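The values are calculated or read from the model by the stated rules, or taken from the named source; none is laboratory data. Computed from a prediction, not measured in an experiment: that's the story for all the values here. Positions of Cβ are backbone-derived with ideal geometry, glycine not excepted, and every protein chain shown enters the neighbour counts. What goes into the accessible areas is simple: the full protein's heavy atoms, side chains included, and nothing from ligands, DNA or RNA. Shrake-Rupley method; radii C 1.70, N 1.55, O 1.52, S 1.80 Å.
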Amino acid sequence: MRAIVNHRPTNRRIRSVWTGPQSPVGHVCQTTIVVLCASILVFATLAFGAVRFWALGPILIVIGLAGVLWIVRILWTLEIPVVFSALGPPVIALAAYGVIRYGLSEIEPIACGAMMQALGAALLFFLILNNLRHRWHVTVFAWALVGTGTLVAAYALWQVLLGGTWVWAFPQYDQYLGSASGTFVSPYHCAAYLQMVFPIAAANFLFSRRSIEQKAVMGIACLLIVAALLLSAAPNGWLGWLASVIVLLVYIIKRGDKKSRWLMVGVGLLGLLLIVATIGLLAGSDTGHDFISAERQSRPILWRSAYEIARGNVLLGAGPGMFRWLYPAQRTLQGVLDTTQNEYLNVFTEYGVIGFVLVLWVLVAFVVGATQILAVRASRYSVSTLSNRYAFTVGGLAAVAALAVGSVFDSSLHAPANLFTVVAIMATTLTCGVHPDGKVDDDEELPGRYAPRSLKGLNKLALVAAVASVILLLASRLSKSYPADVCLRLAERDRNRCDWQAAEGHYRQAWNFDRRNFDVTSAIGDFFSARATWDIARRDRFLDEALMWYDRALTANPHDADVFVKMGRAYDALGKSELAGERYQRAIQADPQNASYHAQLALHYQRWGEMDEAVASFARAYELGGDDPLPEIELRQLGKLDS
């Protein structure tokens, strides 16, 4: 049923309002979509932040399945209400630019993952925006976020207070031991997630109409999350949390009357001072001081390197995921670095000015939309009236503010769980506008109102075609990438068990699924190198096979200098000294400041009795630094390093 209300002359725009019930099939599809989207938020967070493709793949599959259900819901009815919102254009533009940048990428497998995440996030945004229609839907998402965040915070506290060295069944990396990382690998990613969940819980505690028991649970969740954030030793979490607290304080003050407003301002400022003092004490501790000092020294140096990379193509950027592979030529820090540790700089480096402007457009559009919703709700229901949707909107605005501030000190959106979480918070916030009910005053299309448009005929088919094209593009990439990743993991398991025949079978299956995946070809080369170590009789044949696969890996990704080192080792084992030395030199040409490459070249010289060259390479590796103690040990044994 559709009602067009236009009972009085006005210069405002009047729209068609959907007031009738939907079909049982549409209701089932809508409810299933809501459940699937909420499940994605929980699973992605608990599965190490979905930073591994074995976790990201199923998430993208579920998003695609939810998209299919949305298509069924659209086609099942003659006329369907669709919400676009002011955030729709920048989201679509950003996703489209991600696809275009993928098409222009230098190395397709590197850009493929970023493209799939962008498309998945955009589709998830519109799924939530168009299927969360009822109050209980918002409640489901609020509890999914707060419940998962509380579990993550409790687990993070256990890691710090009881000395946990594991993340689920996997050992934690040495550099993160003693930090609160929760179910994430990195404490930075954990802090970014908790800083988004905290304002959702706090806003529901302060502004919602929930029962006393439910608010008590929200309050406990806030305390646990705050404790985990403080112990995370992550500056992005601390500063983001402060930003969210400031936003919450603004709306707490707005709720109060004139007499109590200054009292609330004083209490808020006192709370902020206590928070800042607590962070200062933690930063001044031995662990915190060392951590902050290291961060202060490393980040500006890294940012300068990122800027030099971005200068190569300011407009379009270096390409999705290319920072890791282009950084070695501008290296200033040792180790493998995937991001610039600054989300804004990362976007600028990889996507250029165009990508940076589009991201800012998304942020500004959301902030404007959320503040308009809060203003309309305050004028309609009175700012002091408790409301679950008002509470989620305040929490959503504070969560995005927290992430926007925290992103200056980390690239936390590279954890898909954080990306999908902020997208879900944005979309759910925009569904909290004042909903139409068929009355004249409520049917005017004004900012801050939930404004579904009725689609039918060709417009409906165009929407179906757009959603289907996104799903098909995701499916075309996943059909290669995900099976290849599964087979690769099975092969690694078989290799660790020394089940060579089964491992080789799985490796070849992975390559048959995705022949452009340089990780697969490099892993197959490693497999044959390992076989050569265990099978002396057939060593030369296995090493030749390994070199062939390494060549394929370099063809797929010429920036992978590690492959040159692997080839150098293989040639050393074959007794081909000149070819080995040439490969080591090519690795150093690609990454001249890499201490480990100089150490490998030194071992090559030492192997063939060229001691002067070995000492020079060990000295260069020692000078560059790094975590590898080998150069120092060798120099001391050779008597070339003072005690």
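Sorting check: for 45-51, 31-37, which peptide has the highest mean count of neighbouring beta carbons within 10 Å, and how do the rest follow? Could the numbers behind the result be given before it?
Details: 45-51: 23.7, 31-37: 19.6.
Per-residue mean Cβ counts within 10 Å order the peptides as 45-51, 31-37.
Counting only Cα, what are the radius of gyration and maximum Cα-Cα distance Dmax of the chain, in Å?
For the chain, the Cα radius of gyration and maximum Cα-Cα distance read 27.6, 96 Å.
Taking R0 as 30 Å, what FRET efficiency do you get between GLN501 and GLU582 from their Cβ-Cβ distance, rounded to the nearest 0.05? Before the final figure, lay out each step's value.
On the way: r = 34 Å, r/R0 = 1.13.
Between GLN501 and GLU582 the formula returns 0.35.
Taking the simple approach of a point 7 Å from Cα along Cα-to-Cβ for both VAL357 and SER479, what is their distance in nm?
3.7
Residues with amide H under 5 Å of VAL167's amide H, sequence separation 5 or more or different chain, H placed in the peptide plane at 1.01 Å from N; which?
Close amide H contacts, sequence-distant or interchain: GLN172.
Angle, helix 343-381 long axis vs. longest principal axis of the chain, Cα atoms, 0 to 90°, nearest 10?
In the chain, helix 343-381 runs at an angle near 20 degrees to the longest axis.
Compute the distance from the alpha-carbon center of the stretch 297-326 to that of the stretch 518-537, in whole Å.
The distance from the Cα centre of the stretch 297-326 to that of the stretch 518-537 comes to 33 Å.
Taking 35 Å as R0, compute the FRET efficiency from the Cβ-Cβ separation of LEU333 and LYS456 and round it to 0.05. Show your work: numbers first, answer last.
Numbers: r = 57 Å, r/R0 = 1.64.
The formula returns an efficiency of 0.05 here.
Would you mind telling me the share, in percent, of accessible area of the chain contributed by carbon and sulfur at probe 1.4 angstrom? Spell out each step's value before the answer.
On the way: 17690 of 28350 Å².
C and S atoms contribute 62 percent here.
For ARG453, enumerate residues with amide H under 5 Å from its amide H, sequence gap 5+ or separate chain, H modeled in the peptide plane.
Counting only residues 5 or more places away or on other chains, the set is VAL82, VAL83, PHE84.
At q = 0.12 Å⁻¹, work out log10 I(q)/I(0) for the stretch 148-200 with the Debye formula, treating every Cα as an identical point scatterer and leaving solvent out; two decimals please.
Values returned for q = 0.12 Å⁻¹ are -0.22.
Using 7 Å Cα-to-Cβ label points, what is the HIS435/TRP608 separation (nm, one decimal)?
Going from the HIS435 label point to the TRP608 one covers 7.5 nm.
Report, in degrees rounded to the nearest 10, the 0 to 90 angle that the Cα long axis of helix 500-513 makes with the longest principal axis of the chain.
The two axes meet at around 50 degrees.
What length, rounded to one decimal in nm, is gained on full extension from LEU162 through to GLU213, with 0.36 nm per residue of separation minus their alpha-carbon distance?
On the way: separation 51, 0.36 × 51 = 18.36 nm, distance 2.96 nm.
The span from LEU162 to GLU213 would gain 15.4 nm if fully extended.
Provide Rg and Dmax in Å for the stretch 176-261, with only Cα atoms included in the calculation.
14.5, 49
Using only Cα atoms and rounding to the nearest 10 degrees, what angle (0 to 90) does helix 611-624 make with the longest principal axis of the chain?
Helix 611-624 and the main axis of the chain meet at about 20 degrees.
Taking the full set of protein chains and a 1.4 angstrom probe, give the accessible area of ARG515 in square angstrom, rounded to the nearest 10.
140
Could you tell me the distance between the Cα centroids of the stretch 376-437 and the stretch 83-108, to the nearest Å?
22
In sequence order, what are the phi-derived ³J(HN,Hα) couplings for the stretch 299-312 according to the Karplus relation 6.51 cos²θ - 1.76 cosθ + 1.60 with θ = phi - 60°, rounded to whole Hz, with x for glycine and proline?
Calculated HN-Hα couplings, in order: 5, x, 5, 5, 5, 5, 5, 4, 5, 5, 5, 5, 4, x Hz.
Whole number please: convex hull volume per residue, Cα atoms of the stretch 21-174, in Å³.
Numbers: hull volume 23.0 nm³, N = 154.
Per-residue hull volume (Cα only) is 150 Å³.
Only helical DSSP H runs with n ≥ 4 go in: add -39500 (n - 2.57) per run for the chain, normalise by residue count and round the 222 nm mean residue ellipticity to 500 deg cm²/dmol.
Working: 23 runs with 455 residues, N = 643.
Estimated from H runs of four or more residues: -24500 deg cm²/dmol.
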